[in-house]
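A.B. asks: The following block contains the structure, expressed as structure tokens.
Laboratory data are not the source of any read-out in this text; all were calculated from the coordinates shown. Bear in mind that the values here come from a model prediction, so they are computed numbers and not experimental data. Methodologically, a virtual Cβ is constructed for each residue, glycine included, from the backbone with ideal geometry; neighbour enumeration extends over all protein chains shown.
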Amino acid sequence: MNYSNYRFFTFCYCFFALSAFAQVKEQEKDSAKIYKEIHDLSQKSKFNKLVYKLLFRPSALVADVPVSQKSIHNKGIIAHKASGKIIRNISIETLDPFGYSIKNESKVPKNEVDRFGNAIHIKTKEFTIRNLLLFKKHDRCDSLLLKETERLIRSQRYVREVIVVPVFIETSSDSVDVKIRVLDSWTMIPNGSWSGSQNSVKLTERNILGFGHQISGEVANRIGTKEQARYAQYSVNNIKNSFVRLDLTYANEYNNDSKRSIVLTRPFYSVVAKNAGGLEFENRRLTEFFPVADTLLGIPTKYEFVEYWYGRAFKINGERTFAQKVTNLILAFSYNRRAFSLQPSSLYDVTHFFTAEKNSIGYLGISRQRFYQDKFIFNYDITEDIPYGENAALVMGYQNKGDRSRWYSGIALSQGKKYSFGYLSSFIEWGSFYYQGKTEQTAFKIGSNYISPLWYLGKWKLRQFIKPTYIWGNNRDASFKDQLTLNNYYGIQGFNNRLTGSQKWLVSLQTQTYMPGLWNGFRFSPYINVSMGSLANKNALFDSKVYSKFSIGIQINNDYLVFNSFQISFSYFPSIPFEGTNLLKTNSFENTDLTISDFQLGKPAYIRYE
């Protein structure tokens with residue numbers, strides 16, 4: 001044993017011997033300093049490192065201070081007081097989903113069911129959470145970065161709850177430690193849907209081996225034709241703290257359709273993000289159904305799509321105030337092209353809609369986005385981040401399609417705020433192409449989203465959701481692909497028909513209740529939903545027939561599961577053209593009806609007409 005090793009071993013022995021006789025007060029005062037000296041000495045040889053690992057925990061230098069209830073309730077005040085101080089250490093603790101609490105560190109699983117669930121669950125790795133941090137050791141503490149980091153971690157589908165708090169150090173007035181506690185969700189999720197014509201089974205794992213990667217697979221069957229479709233997707237949500245997301249998609253669909261795609265994208269994930277961008281490649285075979293006489297004729301198409309985009313955010317007036325920190329001037333540009341290797345003949349595609357095209361699109365915009373925390377919205381009694389703010393963007397573009405080239409311009413405005421009467425957001429968008437001095441394919445959209453305050457009926461809670469939208473188009477392409485419909489995601493869920501128009505209105509009303517109590521971790525939220533809409537051409541919109549859907553169901557949340565909610569519901573349709581009247585349908589088990597748009601600008605695009 002050389003002198004350095006002997007000195008280190010003797011130092012460790014003396015530390016433990018003296019610690020046994022030292023007074024408690026003196027030990028608290030000097031232990032951090034002594035730990036630091038031992039740690040520094042341990043790095044001088046492999047033998048010293050081995051002895052250090054045998055005697056000390058890796059977190060010996062990290063403050064292991066319990067997060068007090070006072071700290072939790074006054075996070076904003078504490079974070080503000082900690083601003084400007086040097087971050088000495090960052091401790092990260094991830095917890096299994098069953099029986100633990102981020103607020104009560106003494107709470108542990110007490111029954112065999114919880115222990116068994118935790119035993120077969122793989123916790124999120126520390127480096128997975130560390131990759132989401134917007135600060136690092138020795139940085140100056142910033143309350144905005146603490147808040148944004150907590151939001152980013154909470155937005156991960158494998159996280160149920162998280163708390164990020166600074167911990168003050170008694171022996172240092174200019175430094176703080178940051179403590180992060182993360183409560184995992186159960187991440188292996190079965191899903192599926194069933195109807196009289198088809199069914200599907202889907203399985204998703206959202207946190208492979210604790211790395212935060214996601215894989216999903218789905219098999220769907222058409223009962224009448226016995227056709228089968230298969231889907232698979234693999235996603236890496238955050239590559240090495242770059243906030244770059246990778247998505248790989250593979251699908252063999254009905255009608256011999258297929259999809260292969262790879263997408264790399266880095267969004268403006270936070271108001272502090274300065275750069276964003278992405279690239280996408282897609283190879284697609286898709287059967288398009290052309291209306292011919294009283295039937296639909298399936299014509300196969302095949303194309304490749306490539307897109308690149310980049311965006312840059314600038315602070316307008318510095319970062320002295322909070323309002324300045326969350327306000328960005330954003331400049332972004334994208335280029336995409338679509339090339340067909342198989343396209344419909346001009347006999348069916350009269351307007352040559354399915355033609356190779358190239359698009360260059362850019363915008364200049366201002367975005368201001370913040371978040372407030374609330375509960376009982378999309379989850380049951382779990383903290384959710386609700387975006388509010390405003391943005392405005394001026395869009396410019398240039399398109400080469402077939403043998404024509406034309407310019408494009410548009411504008412998009414949106415605003416959202418929490419009021420005493422509830423949360424209200426709204427948007428207005430307009431865009432148009434220009435060819436030989438005339439406007440083409442004009443699109444105008446206006447809509448809003450309202451969420452009431454949480455109301456109480458005894459022990460029950462409830463909210464009201466209202467979502468109206470109006471879309472108008474002028475001089476659109478005559479192809480059925482450039483017309484509005486009432487189908488599914490862009491209309492009424494479960495509605496699938498051949499009706500088209502150049503303008504439409506939609507409104508969805510949902511009364512959501514939250515039932516008290518739970519059963520084996522499951523909480524139930526009965527609801528009633530009414531959706532209505534109408535299609536028309538020219539100016540006869542409000543004279544057109546109104547189609548509707550009436551639904552009753554239960555959204556089911558689980559304290560330990562990763563998805564927002566799934567649901568069991570039954571919907572009644574008074575009339576669906578070409579299908580019949582007085583129809584009863586079930587819906588997908590996964591709830592996607594209610595969403596809130598954020599106010600962060602992203603990839604440049606034309607105003608969507610759908």
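A.B. asks: Order by neighbour count: His138, His213, fewest other Cβ atoms within 10 Å first, most last.
C.D. replies: His138, His213
A.B. asks: So what is the relative contact order of segment 280-337, in percent, for Cα pairs below 8 Å that sit 6 or more residues apart?
C.D. replies: Answer for segment 280-337 is 31 percent.
A.B. asks: Please arrange Ile239, Ile129 by counting, for each residue, the other beta carbons lying within 10 Å of its beta carbon, fewest first.
C.D. replies: Ile239, Ile129
A.B. asks: Once you keep just the Cα pairs under 8 angstrom separated by 6 or more residues, what percentage relative contact order results for segment 157-254?
C.D. replies: So the answer I get is 17 percent.
A.B. asks: Would you mind counting up the charge near Ala339? Only other residues with Cβ under 13 Å from its Cβ, with Lys and Arg at +1 and Asp and Glu at -1.
C.D. replies: Combined, the nearby Lys, Arg, Asp and Glu give +2.
A.B. asks: Under the rule of at least 5 residues apart or a separate chain, name every residue whose amide H is placed under 5 Å from the amide H of Ile239.
C.D. replies: Val244
A.B. asks: Which whole-number percent gives the relative contact order of segment 69-184, counting Cα pairs below 8 Å spaced six or more residues apart?
C.D. replies: Normalised by residue count, the contact order of segment 69-184 is 40 percent.
A.B. asks: What is the dipole size for segment 257-586, taken about its Cα centre, with +1 at each Lys and Arg Cβ and -1 at each Asp and Glu Cβ, in debye to the nearest 20?
C.D. replies: In debye, rounded to 20, segment 257-586 gives about 640.
A.B. asks: Between Asp403 and Gln233, what FRET efficiency follows from the Cβ-Cβ distance if R0 is 35 Å, with the result rounded to 0.05?
C.D. replies: According to the calculation, E is roughly 0.40.
A.B. asks: Which three extents, in angstrom, do the Cα atoms of segment 69-184 have along their principal axes, listed largest first?
C.D. replies: 45, 26, 21
A.B. asks: In nm, what is the difference between 0.36 nm times the number of residues separating Ser173 and Leu454 and their Cα-Cα distance?
C.D. replies: Fully extending the segment from Ser173 to Leu454 adds 97.0 nm.
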